[in-house]
């Protein structure tokens, strides 16, 4: 079983998965914040390798990516940061990036480098499963989980394909759109998760647009993991960002766990 | 992705539908003014002192450029699919103007994404779009040019896939766009073939067109692909010179990469980040290029060169003086290269240049550029 899969093996535990852009606001910040996230109740951390044209991202992560690139962040540096982090942090790290930087690095070389940095998986939103076979073979060989995404607009055929191919978990995009804080989640989220659940055996994690404990709790009722990104980036921009960030993440954790307690109480 | 599948299926169906083609043909004729003339530029040919240079006058098409061919085709397709909200991106503004015109005539809502930098240098076109009822949204991300406008248009489309149609303006992006845009632009090459056969009873020796995303070039090249004796040359924006790094010559100086859902030649840095491009002409200022051009380059069927800003300005002035035609800065790159090779050819040889647009929109840029010249 992969390191990521084992996270979901604890009965009744809902995974909390934060996203941060490597090198935003600074490289030092990334090195400090990941251990903080790990000790604040997170189960997996998504490390964003910044790309010049982040098509799936809204304004917050676009800005963070741009700033990180200005700070001199490269895929190589991200690999080095991941290597340093995996020495001290006990939870799995996954990279989220776009296809071109990986393609440019060389798929084989990038797979090797991820494995030797101790990274556990890859999320590449602009790599559709129809085009992924080469990277799938490489990541499989390196025991990396290649995690595919599904959107509410995905057809049954696409859901079946991703259910065949995604490893570690399936990333469900909550909304038709890009990443970013939203006031509310779509009303048909439950139906979407159920539609995928019928076909897929992998854990299902929901991301995009989740920014409050209430939203996290709603997602935790139906999914196996909650992914939060843009809100964390915004918090890191504030004064005393780390304190606010840790408090916010613990709040999410509590909100998700309380749900479990109340469910247990209800069942009892 | 489901939106792309829906689009591909709808396009395949429309392509085979005689009624769709008939409506497109009728609007192309009566609204756009097709066929556009193929004009023997005697003054330019005389000046070059060699080959006969013909100009395919896309500058005379409605809205002033070839972009209307694709906008009409896709506008009709959108209406057929029941999509009332049209999203488009624009660089020089020519595609934006064409999209705005088509939306006005077909009664569709039109939202156009345009980089802040392009809004500044193409303000006349911004005004034209607004006059025809389009909403122009400024894009402030990245290099604030065409690539960023495409990013923003794609983000809008993935957010509103149900009611919206993305009217992409070049032979770039994910399938089916490169194929579909090529098909709608191929009318340029089909007409050229017929016209040159009527006038000269033979095919041209060279066809020269400028390449940004590559739609006008693809449109004129495509019907000649199997005519092996017709040399196809695409001219990219050399900007301040290839060695300066400030250019937009993806095919000449780029490497294979993946941008906007297509694998093609891309201008990128040593880390696979997409580079900011530079050209005096907003319409060529794009770090990628249509994947079919990459294929034509790799197979050797077409060749690609670059012309610098200065060469384009020289070509621009040359056409103004020898023909009384003010070209857009984009095809001025092609004019400049044609003038360069025409002199070394003999009088029996024929060059066709795709004059993809007219230059009114570029007056401010040209005035500024010529004033700073020593």
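Only one of the listed residues (A:12, A:72) is farther than 20 Å from residue A:124 by Cβ, part of a loop (DSSP other than H, G, I, E, B) and at pLDDT below 95. That residue is A:12. Restricting attention to region A:51-69, the residues that are surrounded by fewer than 21 Cβ atoms within 10 Å (Cβ to Cβ), within 11 Å of another protein chain (Cβ to nearest Cβ) and assigned to a helix (DSSP H, G or I) total 4.
Considering the conditions (1) within 22 Å of residue B:267 (Cβ to Cβ); (2) in a helix (DSSP H, G or I), residue A:81 is excluded by exactly one of them, (1). Tell me, yes or no, whether region A:87-96 has at least one residue that is in a helix (DSSP H, G or I), surrounded by 24 or more Cβ atoms within 10 Å (Cβ to Cβ) and either out of contact with any strand residue (DSSP E or B) (no Cβ under 8 Å at 6 or more places or on another chain) or touching a residue at least 12 places away in the same chain (Cβ under 8 Å) (or both). No; the residues of region A:87-96 include none that is in a helix (DSSP H, G or I), surrounded by 24 or more Cβ atoms within 10 Å (Cβ to Cβ) and either out of contact with any strand residue (DSSP E or B) (no Cβ under 8 Å at 6 or more places or on another chain) or touching a residue at least 12 places away in the same chain (Cβ under 8 Å) (or both).
For region B:107-129, taking the residues that are under 22 Å from residue B:83 (Cβ atoms) and touching a strand residue (DSSP E or B) at 6+ places or on another chain (Cβ under 9 Å), the one that is farthest from the other protein chains (Cβ to nearest Cβ) is identified as B:129. Restricting region B:156-178 to residues that are modelled with pLDDT of 95 or more and outside any loop (DSSP other than H, G, I, E, B) leaves a set whose member that is farthest from residue B:83 (Cα to Cα) is B:178.
Here is a yes/no grid of residues against (1) within 14 Å of chain A (Cβ to nearest Cβ); (2) under 16 Å from residue B:294 (Cα atoms); (3) out of contact with any strand residue (DSSP E or B) (no Cβ under 6 Å at 6 or more places or on another chain):
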position: B:133; (1), (2), (3): no, no, yes
position: B:137; (1), (2), (3): yes, no, no
position: B:154; (1), (2), (3): yes, no, yes
position: B:158; (1), (2), (3): yes, no, yes
position: B:176; (1), (2), (3): no, no, yes
position: B:183; (1), (2), (3): no, no, yes
position: B:191; (1), (2), (3): no, no, yes
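Taking the listed residues B:303, B:279, B:294, B:344, the one that is in contact with a strand residue (DSSP E or B) (Cβ under 6 Å, 6 or more places away or on another chain) and farther than 25 Å from residue B:115 by Cβ is B:303, with no other qualifying.
If you go through region B:1-11 and keep only what is without any contact (Cβ under 8 Å) to a residue 24 or more places away in the chain and surrounded by 13 or more Cβ atoms within 10 Å (Cβ to Cβ), you end up with B:1, B:5.
For the criterion of being in contact with a helix residue (DSSP H, G or I) (Cβ under 7 Å, 6 or more places away or on another chain) and within 14 Å of chain B (Cβ to nearest Cβ), residue A:93 fails.
Report, by residue number, each residue of region B:103-142 that is surrounded by 24 or more Cβ atoms within 10 Å (Cβ to Cβ), assigned to a helix (DSSP H, G or I) and free of Cβ contacts under 8 Å to residues at least 40 places away in the same chain. Once the filter is applied, which keeps residues that are surrounded by 24 or more Cβ atoms within 10 Å (Cβ to Cβ), assigned to a helix (DSSP H, G or I) and free of Cβ contacts under 8 Å to residues at least 40 places away in the same chain, region B:103-142 yields B:103, B:129. Going by the structure shown, is residue A:26 closer than 23 Å to residue A:118 by Cβ, out of contact with any helix residue (DSSP H, G or I) (no Cβ under 7 Å at 6 or more places or on another chain) and within 12 Å of chain B (Cβ to nearest Cβ)? Criteria not met by residue A:26.
Listed here are the residues, each with its yes/no results for (1) in contact with a helix residue (DSSP H, G or I) (Cβ under 7 Å, 6 or more places away or on another chain); (2) at pLDDT below 95; (3) within 27 Å of residue B:37 (Cβ to Cβ).
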{"site": "B:270", "(1), (2), (3)": "no, no, no"}
{"site": "B:282", "(1), (2), (3)": "yes, yes, yes"}
{"site": "B:286", "(1), (2), (3)": "yes, yes, no"}
{"site": "B:309", "(1), (2), (3)": "no, no, no"}
{"site": "B:314", "(1), (2), (3)": "yes, no, yes"}
{"site": "B:320", "(1), (2), (3)": "no, no, yes"}
{"site": "B:324", "(1), (2), (3)": "no, no, yes"}
{"site": "B:329", "(1), (2), (3)": "yes, no, yes"}
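The condition (being over 30 Å from residue B:288 (Cβ atoms) and touching a helix residue (DSSP H, G or I) at 6+ places or on another chain (Cβ under 6 Å)) is satisfied by just one residue among A:14, A:4, A:49: A:14. Only a single criterion out of (1) under 20 Å from residue B:67 (Cα atoms); (2) within 10 Å of chain A (Cβ to nearest Cβ); (3) part of a strand (DSSP E or B) is not satisfied by residue B:287, namely (3).
The values are calculated or read from the model by the stated rules, or taken from the named source; none is laboratory data. Predicted model, so just to flag it, every value in this text is computed and none were measured. Note that we place each Cβ from the backbone using ideal geometry, even for glycine, and neighbour counts take in every protein chain shown.
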